[in-house]
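> The structure that follows is given in the form of structure tokens.
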Amino acid sequence: MLGLSLVSLDHLLLGLRSPVSLRLLLAPLGVLSAGFVLWWLAARRRSVPPESLATRAAAALASISLVLGLGLPLSRMLGASSVAGATGPVETSLAVAGIVGMAASPVVFLGLRHRSSLVDWSRTTVHGAFATRGELLLLGLILALFALLVIRLIAVGSILGFDESIYALTSRWWVEGTPNTGWATHRSPGISLLGIAALPFGAWEAPYRAIGLLFGLGAVIACWRLARQIGGPAAGLVAALAVASVPDFQLNSASFLTDVPSAALIVLLMLLAWRSFESARVGVMSRDVLGLAVAAAAAFYVRYGASVPIAFVALAVLLVWSGAVVRSWRLVVATALLLVVLLVPHMTFATVTVGSPWSIALGARNLAAPAYPGQALQVYLRDFFSTVAGPIAGIVAVSGVAAAAWHVLRVRRADRLTRAYAFVLVPALGVGILLGVVALAQTRYVYVPIMLLSVAGGIGLAEVWQRLPALLRAAGAVLGISAASAIILGAAVGTVATQASHALTQRDVVEISQRIRADALSRSTDGQAHCSVLTYVVPDVTWYSGCAAYHFGYPAQPGRETQLTMANRYLLLMEGSTARQPQGDMLQGYLRLVDPAPIIVVRDLASGNIAGRVYRIRTPASAG
């Protein structure tokens, strides 16, 4: 931790970008100090209650993260290094620490004032939440491996993509009133609300993607906790390892998108539902069930598409615990009413803007319609063990379905494990099949089914595990973890290499955007850019330049320059994008509006070929 603090100081005061930096000398110190903290926590665990120890550790980590979170934005504002430049793993880790500090510190510090109450609550409510030291060590290794791979993907330095830029622009627009081009009503606002925490870092991509990493880690932990609650420690670890191994899930956790956060919240919703309704079978349902409404609303606001798994979770609850629902119908109705109240802002907005409370959520479905029904399901089944779930999660998922079928045929009664399989597999298979029929073939759409199938697989494999002799269990654990680590790392090497190669070809958009802004500022008399750009790279250019960007149309149309109302107006033409830009006579019509020669010509960093040309449009229609 001391090493990370000194690295932050080096970044703040020196801003060194050379290969030989204090970062390289202090990084080992940070690793050693972190190892010392882990050793100390393990040693102290024998004499300190785990709840108190967890509180102390959270307070220490939040304090250090808060210091880093305050230091990095300041260093960026002081211009220690390029905001939009690609960053290394150490700097990316510091960005993650800063986001964690700003998000966690207020909660932790307030919680310390009521630590005794929280400890009492955890002892009585969180049944078996504190695992053995060996289990925590294995879970920590899984989380560390997952975080390492995601941080490496973030550190590659890919620019914010189309959707990422739109969500980040909305965060900045809410706070700073800057241009916000590309937003549409079908986009959910939750991820942009979370992105406000990253605004102090400017246009640097890593802090926004750190939010995806945090939710990715949260999803792995939630799957571990759900599987462990049902099937024990072995089930939880298998589920966590399977989810952490999904290649597309790793890649999406390194992005500022809605899919991973909403999936993590759905699994949290299922964990809360299992605890509430399973305990209500033999007792009185607690008012904690009201938390289901909060979790469901949070998942919906992060991603409107979460309404599909939420509906299937509700269906699973009615099928598995119908008796408990009837006995505790007042609390169930109160939970449903609370969810409706939490959704009133969205329903009001949808009614005002579109015409009915559910028009936005239902309209979003049309944007992901496949070429024909069932197209996505064919792709999911064909590529399940490769690009969809990957080999590890794929095997675990199939094992879960097989174990559920075997258990039901063997016991032929609704015991606890039968209820667990039904609760997990109804949403998993229901959501997977439904989206496979009506939506595009996007792996990010089926993260929830993959996670829940991994949970079911963890439960099923844990049943087999418990029947093996101790020697076979030990040998199987060593071989399984070694093979899984090799597979995950091997796949990650190829993913990182692909992303790194792709990232290099993207930086030309950043350079073009920065040079457009520099030209506009050089022509300004009040220090404001007053710029607008006509291009097809709309949200990306708006994010990196601060100028309002507008599209040629879908398909390209003449006369779109009338959208530009600022004093400094630009035409940006990217090479090799014939399908998304004017061509032929339409292109010549646009070129008659600009100065003869481009004012900016940028070459691709990878190939050296011309990537884009920027022209200044003459005689603006109005000055901004």
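> Out of all the residues in the stretch 592-600, is one or more under 21 Å from A548 (Cα atoms) and either touching a Leu at 6+ places or on another chain (Cβ under 6 Å) or at pLDDT below 85 (or both)? Steps first, please.
Looking only at the stretch 592-600, we keep the residues that are under 21 Å from A548 (Cα atoms), and these are 593-595, 598-600.
Next, only the ones that are either touching a Leu at 6+ places or on another chain (Cβ under 6 Å) or at pLDDT below 85 (or both) stay: 594.
Yes.
> Please count how many residues of the stretch 301-318 are open to solvent by 10 Å² or more (accessible area, probe 1.4 Å) and either farther than 15 Å from A263 by Cα or touching a strand residue (DSSP E or B) at 6+ places or on another chain (Cβ under 7 Å) (or both).
Here the count works out to 4.
> Pairs, please: C-beta under 7 Å, at least 6 apart or cross-chain, first residue within 13 Å of A314 (Cβ to Cβ) and in the stretch 331-348, second open to solvent by 40 Å² or more (accessible area, probe 1.4 Å)?
Pairs that qualify, where the first residue is within 13 Å of A314 (Cβ to Cβ) and the partner is open to solvent by 40 Å² or more (accessible area, probe 1.4 Å), are T335/L290.
> Please find, among R523, R507, R580, R517, the residue that is under 28 Å from G195 (Cα atoms) and touching a residue at least 40 places away in the same chain (Cβ under 8 Å). Show your work before the answer.
Details: R523 fails: under 28 Å from G195 (Cα atoms); R580 fails: under 28 Å from G195 (Cα atoms); R517 fails: touching a residue at least 40 places away in the same chain (Cβ under 8 Å).
Of R523, R507, R580, R517, the one residue that is under 28 Å from G195 (Cα atoms) and touching a residue at least 40 places away in the same chain (Cβ under 8 Å) is R507.
> Let me ask something else. Name the residues in the stretch 259-306 that are at pLDDT below 95 and of a type in the set (S, T, N, Q), would you?
S276, S279, S286
A quick yes/no check of all residues on (1) surrounded by 13 or more Cβ atoms within 10 Å (Cβ to Cβ); (2) among the small types (G, A, S); (3) within 22 Å of the chain's Cα centre (by Cα); (4) assigned to a helix (DSSP H, G or I):
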residue: V352; (1), (2), (3), (4): no, no, no, yes
residue: L377; (1), (2), (3), (4): yes, no, no, yes
residue: L381; (1), (2), (3), (4): no, no, no, yes
residue: I392; (1), (2), (3), (4): yes, no, yes, yes
residue: V398; (1), (2), (3), (4): yes, no, no, yes
residue: A404; (1), (2), (3), (4): yes, yes, no, yes
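> Sticking with this one: Filter the stretch 558-608 for residues that are open to solvent by 70 Å² or more (accessible area, probe 1.4 Å) and of a type in the set (V, I, T) and give the result.
Answer for the stretch 558-608, where residues must be open to solvent by 70 Å² or more (accessible area, probe 1.4 Å) and of a type in the set (V, I, T): T562, T578.
> Then there is this: Count, please, the residues in the stretch 286-300 that happen to be open to solvent by less than 10 Å² (accessible area, probe 1.4 Å) and either in a loop (DSSP other than H, G, I, E, B) or more than 30 Å from Q250 (Cα to Cα) (or both).
Number of matching residues: 1.
> Of all the residues that make up the stretch 139-155, how many are more than 17 Å from the chain's Cα centre (by Cα) and crowded, with 21+ Cβ neighbours inside 10 Å?
2
> Residue by residue through the stretch 320-335, note down the ones that are over 15 Å from F423 (Cα atoms) and either modelled with pLDDT of 90 or more or assigned to a helix (DSSP H, G or I) (or both).
Step one: filter the stretch 320-335 for residues over 15 Å from F423 (Cα atoms), giving 326-335.
Listed by number, the residues that qualify are V326, R327, W329, R330, L331, V332, V333, A334, T335.
> Among the residues in the stretch 159-167, are any open to solvent by less than 30 Å² (accessible area, probe 1.4 Å), assigned to a helix (DSSP H, G or I), under 10 Å from W543 (Cα atoms) and out of contact with any Leu (no Cβ under 8 Å at 6 or more places or on another chain)?
Taking every residue of the stretch 159-167 in turn, at least one turns out to be open to solvent by less than 30 Å² (accessible area, probe 1.4 Å), assigned to a helix (DSSP H, G or I), under 10 Å from W543 (Cα atoms) and out of contact with any Leu (no Cβ under 8 Å at 6 or more places or on another chain).
> Of the conditions (1) touching a Ser or Thr at 6+ places or on another chain (Cβ under 8 Å); (2) small (G, A, S); (3) surrounded by fewer than 18 Cβ atoms within 10 Å (Cβ to Cβ), A548 clears all except one; give me its number.
(3)
> So, in the stretch 190-200, of the ones that are crowded, with 18+ Cβ neighbours inside 10 Å and in contact with a Phe, Trp or Tyr (Cβ under 8 Å, 6 or more places away or on another chain), which residue ends up nearest to H551 (Cα to Cα)?
Applying the filter and picking the extreme gives S192.
> Go through (1) among the aliphatic types (A, V, I, L, M); (2) more than 30 Å from I151 (Cα to Cα); (3) in contact (Cβ under 8 Å) with a residue 40 or more places away in the chain; (4) in a helix (DSSP H, G or I) one by one and return the number of the condition L471 breaks.
Result: L471 fails condition (3) only.
> Scanning for something in a loop (DSSP other than H, G, I, E, B), hydroxyl-bearing (S, T, Y) and open to solvent by less than 50 Å² (accessible area, probe 1.4 Å), does the stretch 481-491 turn up at least one residue? Steps first, answer last, please.
Going through the stretch 481-491, the residues in a loop (DSSP other than H, G, I, E, B) turn out to be none.
Checking the stretch 481-491: not a single residue is in a loop (DSSP other than H, G, I, E, B), hydroxyl-bearing (S, T, Y) and open to solvent by less than 50 Å² (accessible area, probe 1.4 Å).
> Which of the residues belonging to the stretch 543-577 are assigned to a loop (DSSP other than H, G, I, E, B), under 21 Å from R618 (Cβ atoms) and in contact (Cβ under 8 Å) with a residue 40 or more places away in the chain?
Scanning the stretch 543-577 gives C547, L564, T565, M566, A567.
> Also, quick follow-up: Mind listing just one residue for me: the one in the stretch 407-446 that is open to solvent by 40 Å² or more (accessible area, probe 1.4 Å), in contact (Cβ under 8 Å) with a residue 12 or more places away in the chain and within 20 Å of W465 (Cβ to Cβ) and, of those, nearest to the chain's Cα centre (by Cα)?
For the stretch 407-446, the residue satisfying everything is R416.
> Could I ask something else about it? Of the residues V478, V437, only one is in a helix (DSSP H, G or I), touching a Gly at 6+ places or on another chain (Cβ under 7 Å) and either aliphatic (A, V, I, L, M) or closer than 25 Å to E135 by Cα (or both); which?
Details: V478 fails: touching a Gly at 6+ places or on another chain (Cβ under 7 Å).
Sole residue among the options that is in a helix (DSSP H, G or I), touching a Gly at 6+ places or on another chain (Cβ under 7 Å) and either aliphatic (A, V, I, L, M) or closer than 25 Å to E135 by Cα (or both): V437.
> So I617 fits all but one of (1) in contact with a helix residue (DSSP H, G or I) (Cβ under 8 Å, 6 or more places away or on another chain); (2) within 27 Å of F256 (Cα to Cα); what number is the exception?
(2)
> Okay, next question. Of the conditions (1) under 19 Å from D288 (Cβ atoms); (2) open to solvent by less than 50 Å² (accessible area, probe 1.4 Å); (3) without any contact (Cβ under 8 Å) to a residue 60 or more places away in the chain; (4) among the aromatic types (F, W, Y), W321 fails just one. Which one is it?
With respect to (1) under 19 Å from D288 (Cβ atoms); (2) open to solvent by less than 50 Å² (accessible area, probe 1.4 Å); (3) without any contact (Cβ under 8 Å) to a residue 60 or more places away in the chain; (4) among the aromatic types (F, W, Y), W321 is out only on (3).
> Now a separate question. Of S276, S356, which residue is at negative phi and in a loop (DSSP other than H, G, I, E, B)? Let's see the steps before the verdict.
Numbers: S276 fails: in a loop (DSSP other than H, G, I, E, B).
From the options S276, S356, the qualifying one is S356.
The values are calculated or read from the model by the stated rules, or taken from the named source; none is laboratory data. Everything numeric here is computed off the predicted structure, so don't read it as measured data. Positions of Cβ are backbone-derived with ideal geometry, glycine not excepted, and every protein chain shown enters the neighbour counts. Surface accessibility is based on the protein's heavy atoms, side chains included, excluding ligands, DNA and RNA. Shrake-Rupley method; radii C 1.70, N 1.55, O 1.52, S 1.80 Å.
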